[in-house]
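Beneath this line is the structure, given in structure tokens, with notes to follow.
A short reminder: the numbers here are calculations on the coordinates, not readings from a lab. Quick caveat, the model's predicted, so the values are computed rather than measured. All Cβ positions, even for glycine, are placed from backbone atoms using ideal geometry, and neighbour counts span all protein chains on display.
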Amino acid sequence: MTARGDFSRQSFLGEDAEQVLAETRVAIVGLGGGGSHIAQQLAHVGVGHFRLIDPQDIEDSNLNRLVGATQDDVINGTPKVEIAKRVIRSVRPWADVEVSKTEWQAAADLLKDAHVVFGCVDGYRQRMHLETAARRFCLPYIDVGMDVTRLADRHYAVAGQMISTRPGGPCMRCLGFLTQQRLDREENDYADAGINPQVVWTNGTLASLAVGAFMRLLTPWFDSSTEFEWLELDGNNQLVSRSRQPDYSIKGPCRHFTSNDLGDPFLDLSLRRAPKDSS
Amino acid sequence: MMNDAGGALAGAVIEPELAAIAAICSGTVKYMEEAGRRYVHMVGLRFLVRGADQQMDALLCLDYPNGTYPTKLYLPANLGLGLNWNETAFILAKNWFTWSWSGVSPNQPPLAILGGHLEAFR
Ligand SMILES: [Zn+2]
């Protein structure tokens, strides 16, 4: 046991796993159904640094799935990032948690500062932009999302996916997840966006898959080298399987993100003052 | 000396087709690319919003891959105005806002594309 706690039950992750996790900085974008679950699990495994980004306060309709939220939070309109922070600090009081109650695009400094980005956002275009940001700052990106589709009268298909990509490997466009058709449909029909059904058990499964992908990235406890993961959850049959879409979609190295697209293209060194020599 | 966001390319020759845009900007105007998409980045673009002068940076996408929106103009702020501001985008490591303004053809000079989008504010 260390000052941070007793991690003996996960010691199979490696001698230095506790240290690695304690020094890791994760950004979680979206602290709703998916992100709140992910934050809770990452606190338990011992991640030391959190960057939480979400502009919203909790509403009554979030209580069906937002882990850690209470009725009092609904009454008080607590920001979702503050609920997640409370959950994390109640498990690991020593964790460093920075929050931003803004759109993630306005909190790029928190993204840049992370080692891994979790995306729990709505819509294909937001995913596209978030993965673009992750690539620009050279960060692995782990995305979760779920959908409920009406098949026929009183018949619904619950489904979701967890996709993990990393710089240099195929992106979500290469994989065939972010297709131009999906992006266009969302953009051209934006006015028709209805409510987005979400349920806690499906979100929980997807969050667990995301945390699993993260743990494999940081503390690979078995031999598996993959450049990406795309796991599909068939929520009706409660089955998780590897998506076969990438087998058909990947056509060689990623041509969407090149090494020219790294870093801040507007960084102007001439605006940076050299430190004064005090001697 | 450059003192704006285009400083990294200080002294670069402006492409002739961008000179007309540069004339209405206070700073650098240049092509930039991200994820295979081509943009014109403008520092200090001057334009009219409902008859009043405005000045801000802007980003014009010349090859947006959506038939309904083949080009797009991005601004650093949501100007409201009753337009459908429907996207917060993250492009070239910056936060941008854009709105639904369809059908501005990419098959015309950059200044004409820009003018097509600024029509929304007249
Ligand atoms: Zn790609």
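Taking a ≥ b ≥ c as the square roots of the Cα gyration tensor eigenvalues, with a/c under 1.5 meaning rounded and otherwise prolate when a/b beats b/c, else oblate, which class fits the range A:146-235? Taking the square roots of the gyration eigenvalues as a ≥ b ≥ c, the range A:146-235 is oblate. Considering only alpha-carbon pairs that sit under 8 angstrom and 6 or more positions apart, the relative contact order computed for the range A:13-130 is 35 percent. The Cα atoms of the range B:74-122 give a gyration tensor whose axes a ≥ b ≥ c have a/c of 1.5 or more with a/b no greater than b/c, which makes the shape oblate.
Loop-resident trypsin sites (Lys or Arg not before Pro) (DSSP state other than H, G, I, E or B) in the range A:50-157 with no more than 10 further Cβ atoms inside 10 Å of their Cβ: A:Arg154. Across peptide A:252-265, the mean count of Cβ atoms from other chains lying within 10 Å of each residue's own Cβ comes to 3.
Distance from the alpha carbon centroid of the range A:145-205 to that of the range A:1-61 works out to 25 angstrom.
Summary of the geometry: the range A:227-274 and the range A:103-142, compared by the centres of their Cα atoms, lie 10 Å apart.
When both bridge partners sit in the range A:1-148, DSSP labels roughly 10% of those beta bridges antiparallel. Please state the shape class of the range A:4-83: rounded when a/c is under 1.5, otherwise prolate if a/b exceeds b/c and oblate if not, all from the C-alpha gyration tensor. Since a/c reaches 1.5 and a/b is larger than b/c, the shape of the range A:4-83 is classed as prolate. Measure up A:Lys101/B:Lys72; B:Lys30/B:Lys94; A:Lys101/B:Lys94; A:Lys85/A:Lys112 against 24 Å on the Cα-Cα distance and list the ones that go over. The answer is A:Lys101/B:Lys72.
Within the straight-line cut-off of under 18 Å between alpha carbons, the aspartates and glutamates reachable from A:Lys80 are A:Asp54, A:Asp57, A:Glu59, A:Asp60, A:Asp72, A:Asp96, A:Glu98, A:Glu103, A:Asp122, sequence neighbours fewer than 8 places apart in one chain being disregarded. Taking every C-alpha pair closer than 8 Å and separated by at least 6 residues, the mean separation divided by the residue count of chain B gives a relative contact order of 19 percent. What you get for chain A, charging only the Cβ of Lys and Arg (+1) and of Asp and Glu (-1), is a dipole of about 400 debye around the Cα centre. Estimated from the Cβ-Cβ distance and a Förster radius of 35 angstrom, the FRET efficiency linking B:Ala23 and A:Cys138 is about 0.40. Full extension of the chain segment joining B:Met56 with B:Leu83 gains 7.9 nm, where the gain is 0.36 nm per residue of separation less the Cα-Cα distance.
Inter-label distance, B:Asp63 to B:Ser105: 1.9 nm, where each label sits 7 Å from its Cα along the C-beta direction. Peptide A:129-141 has a mean of 2 when you count, residue by residue, the C-beta atoms of other protein chains within 10 Å of its C-beta. Of the chymotrypsin sites (Phe, Trp or Tyr not before Pro) in the range A:93-173, the ones in a loop by DSSP (not H, G, I, E or B) with at most 13 other beta carbons within 10 Å are A:Trp94. Our note on the geometry: Cα centres of the range B:63-90 and the range B:31-58, 12 Å apart. Taking amide H positions as modeled 1.01 Å from N, with prolines and chain starts lacking one, the residues under 5 Å from B:Arg38 and 5 or more places away or on another chain are B:Leu62, B:Asp63. Given R0 = 56 Å, the distance between the Cβ atoms of A:Asp268 and A:Tyr156 translates into a calculated FRET efficiency of 0.60.
Averaged over peptide A:178-185, the number of partner chain Cβ atoms lying within 10 Å of each residue's Cβ comes to 1.
Here the Karplus curve 6.51 cos²θ - 1.76 cosθ + 1.60, taken at θ = phi - 60°, turns the phi angles of the range A:242-251 into couplings of 6, 5, 8, 4, x, 4, 8, 8, 5, 10 Hz, with x standing for Gly and Pro.
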